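The values are calculated or read from the model by the stated rules, or taken from the named source; none is laboratory data. Remember, it's a predicted structure, so these values are computed and weren't measured experimentally. Cβ placement follows ideal geometry from the backbone for every residue including glycine, while neighbour counts extend to all protein chains displayed.
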Amino acid sequence: MKRRGTLLLVVIVALAMLVSACGSSNNANNNTDTGSNKPSDTPAGKNVTLRLGTWEGGSGLELQEKIAKNYMSEHSNVTIEIEAVPDQYGTKILTQIATGEAPDIFQIGDGDVRMFMEKGALADLTGFIEGANGIKLADYYTSVLDVGKVDGKYYTMPKDYSDVAVYYNKKLFDESNVPYPQTGWTWDQFRDTALQLTKKDGNKTTQYGVNMPGSWTRAVLPLINSFGGSVISPDGEKFDGYMNSDGTVKALEFYRNLYFTDHVTPTSSDSEAFKGVDMFQTGIAAMSITGRWPVVNYKADPNLDFGVAQMPVGPNGPANTICYSGFGIYSKSKNQNEAWDYLKYLTGEPGQTILAEHAFTAVIPVADALGQSNDEHLKAFLDDVQYIKEFPEKTSHLFGKSGGGTFQTVMDKLMMPDKIDIKKELDDAAKQGEVLLKQAKAEE
């Protein structure tokens, strides 16, 4: 019965888990911290096989295999076996953890760092980082490295990441004689720009000023934070007074007005007519807010002349968010010293020089060497890294089971044309979130 109960728990947890970057985690068990390990400074030189778990497939997997091959050519005593599980990765890892058979190193999405730590599945990397075989913290973007830091200790190292920025179509701006966005522009200036770039033919919109990220909460957090709002208390214990704070209310009122008062961005029904079409790339929208991901395709399009600007600044200053993927070491690995040496290689300059050809790296010297910090299409992202704020899934592993769901309901309602009292909706969401939070804690 004990075995059956354990596997049932794994299935339940896995169904709620999102392991991809920008995903949230709704899971936790009662666990102990493994932060007391005291690693030796260097690998022992014994013959070892390191297993590495990843959800990557295709070209992403090929890059990881290339890095592993390079490392093994320099360390004849180490064999690295990459276990790629593109589908049902979360179920696989949770099952392996439950049976004590997880890979020595495994990939983790940003919303699951705290959950895996509190499950006792991750080794505390702080001793490795600070040891003789450690890293220079100054070589890393602090806000990115800190995604893997929980309660003052490091548990994951960053593989790649992206914050968000504003893409703008230079041709459409020029045609309307609208100046390009400048660093430090405000949300009011953003709105005014979107209004100027929205074109109509009678009642039909022929060009939208911007394509906003809809109900994607993570991408709306910069707006909320820059208005002085939040969705959860800093200690992860409360929603009331935070999710329904004046700053959050004002931010979401501003956001909704872009859709249903200013009509500068397509609604859900509007977007349905363009399903499968990149509205920014095709010139249907003059601006777009998203991460780094489309840059390569946009640069390859000879018909698209675009720029990228930092996120607008709100009454409480600049703010940004992050989507992150990292790697941690299994707390029960028998080869933690060797696993750290490879993890350092993978997430340090040797590995990141390869991975950063297709993604952002947290290693500053690599970003500089590859010209990311000066690239006109990437610079805005890197300039905004310093303004990344902690996201709620990082603050509380129970966010997805509580306030995350109730807040998402409000975000979904914001996208509907029906009249909505945002303050009341947030009040209800905050109160219901706290009820669910208490229930989730009781179930642990």
Being in a helix (DSSP H, G or I), touching a strand residue (DSSP E or B) at 6+ places or on another chain (Cβ under 7 Å) and within 19 Å of residue 161 (Cα to Cα) is the filter here; which residues of region 45-80 pass it?
61, 64
Would region 290-306 turn up any residue that is of a type outside the set (D, E, K, R) and farther than 30 Å from residue 376 by Cα?
no
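Table: residues versus (1) out of contact with any Gly (no Cβ under 8 Å at 6 or more places or on another chain); (2) outside the structural domain of residue 297 (by TED's automatic domain parsing); (3) charged (D, E, K, R).
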residue	(1), (2), (3)
91	yes, yes, no
94	yes, yes, no
101	yes, yes, yes
123	no, yes, no
133	yes, yes, no
152	yes, yes, no
173	yes, no, no
177	yes, no, no
180	no, no, no
List the residue pairs whose Cβ atoms are under 6 Å apart, where the first residue sits in region 423-444 and is without any contact (Cβ under 8 Å) to a residue 40 or more places away in the chain, the second is buried (at least 18 other Cβ atoms within 10 Å of the Cβ), and the two are 6 or more positions apart or on different chains.
425/410; 432/406; 436/402
Would you mind stating whether residue 166 is assigned to a strand (DSSP E or B) and either surrounded by fewer than 20 Cβ atoms within 10 Å (Cβ to Cβ) or in contact with a Phe, Trp or Tyr (Cβ under 8 Å, 6 or more places away or on another chain) (or both)?
yes
For residues in region 388-418 being acidic (Asp, Glu) and not in a loop (DSSP other than H, G, I, E, B), which is nearest to residue 214 (Cα to Cα)?
412
Report yes if residue 434 is over 22 Å from the mean Cα position of the chain (by Cα), closer than 27 Å to residue 116 by Cα and either outside any helix (DSSP H, G or I) or modelled with pLDDT of 95 or more (or both), otherwise no.
yes
Residue check for residue 128: closer than 30 Å to residue 286 by Cα, out of contact with any strand residue (DSSP E or B) (no Cβ under 7 Å at 6 or more places or on another chain) and in contact (Cβ under 8 Å) with a residue 24 or more places away in the chain:
no
Residues located in region 348-387, provided they are in contact with an Asp or Glu (Cβ under 7 Å, 6 or more places away or on another chain), surrounded by 17 or more Cβ atoms within 10 Å (Cβ to Cβ) and either in a helix (DSSP H, G or I) or among the aromatic types (Phe, Trp, Tyr) (or both):
355, 360, 364, 366, 381, 384, 385
Residue among 288, 333 that is crowded, with 17+ Cβ neighbours inside 10 Å, touching a residue at least 40 places away in the same chain (Cβ under 8 Å) and over 24 Å from the mean Cα position of the chain (by Cα):
333
Among the residues listed as 160, 174, the single one being outside any loop (DSSP other than H, G, I, E, B) and more than 24 Å from the chain's Cα centre (by Cα):
174
Do we have residue 415 as touching a residue at least 60 places away in the same chain (Cβ under 8 Å) and over 29 Å from residue 146 (Cβ atoms) here?
yes
Scan region 65-89 for residues that are farther than 20 Å from residue 334 by Cβ, touching a helix residue (DSSP H, G or I) at 6+ places or on another chain (Cβ under 7 Å) and either surrounded by 17 or more Cβ atoms within 10 Å (Cβ to Cβ) or not assigned by TED's automatic domain parsing to the domain that holds residue 123 (or both) and jot them down.
67, 84, 85
Let me spell it out: the conditions are (1) over 23 Å from the mean Cα position of the chain (by Cα); (2) of a type in the set (A, V, I, L, M); (3) not in a helix (DSSP H, G or I), and residue 97 meets all of them except one. Which number is the exception?
(3)
Single residue of 148, 229 found to be assigned by TED's automatic domain parsing to the domain that holds residue 269 and small (Gly, Ala, Ser):
229
Considering (1) over 27 Å from residue 353 (Cβ atoms); (2) touching a residue at least 24 places away in the same chain (Cβ under 8 Å); (3) among the charged types (D, E, K, R); (4) surrounded by fewer than 20 Cβ atoms within 10 Å (Cβ to Cβ), say which one residue 101 fails and leave the rest.
(2)
Note down all Cβ pairs under 8 Å where the first residue falls in region 293-308 and is in contact (Cβ under 8 Å) with a residue 40 or more places away in the chain, the second is part of a helix (DSSP H, G or I) and not hydroxyl-bearing (Ser, Thr, Tyr), and they're at least six residues apart or on different chains.
305/170; 305/171; 306/170; 307/170; 308/295; 308/379; 308/380; 308/381
I'm checking my understanding of the structure. Among residues of region 130-145 that are surrounded by fewer than 21 Cβ atoms within 10 Å (Cβ to Cβ) and in a helix (DSSP H, G or I), which one is farthest from the chain's Cα centre (by Cα)?
130
Please give the helices (runs of 4 or more DSSP H) falling wholly within region 185-278 in which 1 or more residues are surrounded by fewer than 18 Cβ atoms within 10 Å (Cβ to Cβ) and at pLDDT 95 or above.
187-197, 246-260
Answer with yes or no whether residue 161 is without any contact (Cβ under 8 Å) to a residue 60 or more places away in the chain and touching a helix residue (DSSP H, G or I) at 6+ places or on another chain (Cβ under 9 Å).
no
